[in-house]
Amino acid sequence: MGIVLEIKDLKKSYGKKSALDIDKLEFNGGKIVGLLGPNGSGKTTFIKLVSGLLTPTSGDIIVDGISIGVETKKIVSYLPDTNYLFDWMKTKDVIALFKDFYTDFDEQVAISMLNKLGIDLKQSLKSMSKGTKEKVQLILVMSRKAKLYLLDEPIGGVDPAARDYILKTIISNYNEDAVVIIATHLIGDVEKVLDEFIFIDEGKVVMAASVDEIREEKGKSIDNLFREVFKC
């Protein structure tokens, strides 16, 4: 698989405070990558920069050979860590919204997943539990045929059973040539679906490696390694 995402000399500062400082990263297609770090480590800043919501202070972000901008929004599917849909909307309304906005959105895939959850297309978001809303948002994002999926804390606010469903949805629905980046501090829950991981702290990359490599060479889970690297 070719390189889907390239990061070169990426910096984001607010005045004199550095929020992110990454020299070089490359993400190859067909991989699910964990962007892992404590709260406040720079995960969301990274995700927002790559999604195009924030502008870098300096450096380059290249998705599928294209510098971040209007064109990359067509191939990047982003799930924020907060609710981005209006409560007055019905499920059919958000389906129509995504269909209008994104040419790569597969309406039938989205409806099929919603049906499996027993979510009525006429049901309002206001009447849904927080966990169900998060599932709906994830289904919308994963129903696009994107080159890059950016998922910011996709399992942070849901119960363990819902987490299993969300992770199963992720691994079952992304393009085989695409990259999925999952930003989270819940290492133990996501580890089983990851191919690679990046540890980030204070805006800098602490470690980046293959999950299998760490298990074979160090005989440790990524969760245990994380606790060792980030111990108080």
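Since every read-out is calculated from the coordinates, none of them should be taken as a lab result. Keep in mind the model is a prediction, meaning the values are calculated, not measured. So basically every Cβ, Gly included, is an ideal-geometry build from the backbone, and we count neighbours across all protein chains shown.
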- Message: Between ASN28 and ASP100, what is 0.36 nm times their sequence separation minus the Cα-Cα distance? Round to one decimal in nm.
- Response: 23.0 nm
- Query: Looking only at ASP21, ASP164, ASP152, which one moves most when the chain is put into a Gaussian network model with springs between Cα atoms under 10 Å?
  - Reply: ASP164
- Item | the range 1-140: relative contact order as a whole-number percent, Cα under 8 Å and 6+ apart | 20
- Item | Packing-based order for 134-142, 58-66, using average beta carbon neighbours within 10 Å, highest first | 134-142, 58-66
- Query: Which aspartates and glutamates have a Cα lying under 15 Å from the Cα of LYS12, excluding residues fewer than 8 positions away in the same chain?
  - Reply: ASP21, ASP23, ASP60, ASP201, GLU202
- Any idea what the relative contact order of the range 22-99 is, in percent, if you count C-alpha pairs under 8 Å spaced at least 6 apart? 16
- Message: Taking 25 Å as R0, compute the FRET efficiency from the Cβ-Cβ separation of ASN39 and LYS73 and round it to 0.05.
- Response: 0.35
- Note on the structure: Simple SL model, points at 7 angstrom along Cα→Cβ for ILE171 and LYS17; separation in nm is 3.8
- Message: Output the 0 to 90 degree angle, nearest 10, between the alpha-carbon long axis of helix 107-116 and the longest principal axis computed from the alpha carbons of the chain.
- Response: 80
- Helix axis angle, 91-101 relative to the chain longest principal axis, alpha carbon, degrees: 60
- Could you sort out which of LYS24/LYS147; LYS145/LYS204; LYS11/LYS168; LYS43/LYS147; LYS99/LYS192; LYS48/LYS145 sit more than 24 Å apart by Cα distance in this structure? LYS145/LYS204; LYS11/LYS168; LYS99/LYS192
- For LYS133, go through the lysines and keep the ones whose alpha-carbon is under 16 Å away, minus same-chain ones fewer than eight residues off. LYS90, LYS92, LYS116, LYS122
- Springs between alpha-carbon atoms under 10 Å, Gaussian network over the chain: tell me which of LYS168, LYS17, LYS145 tops the mean-square fluctuations. LYS17
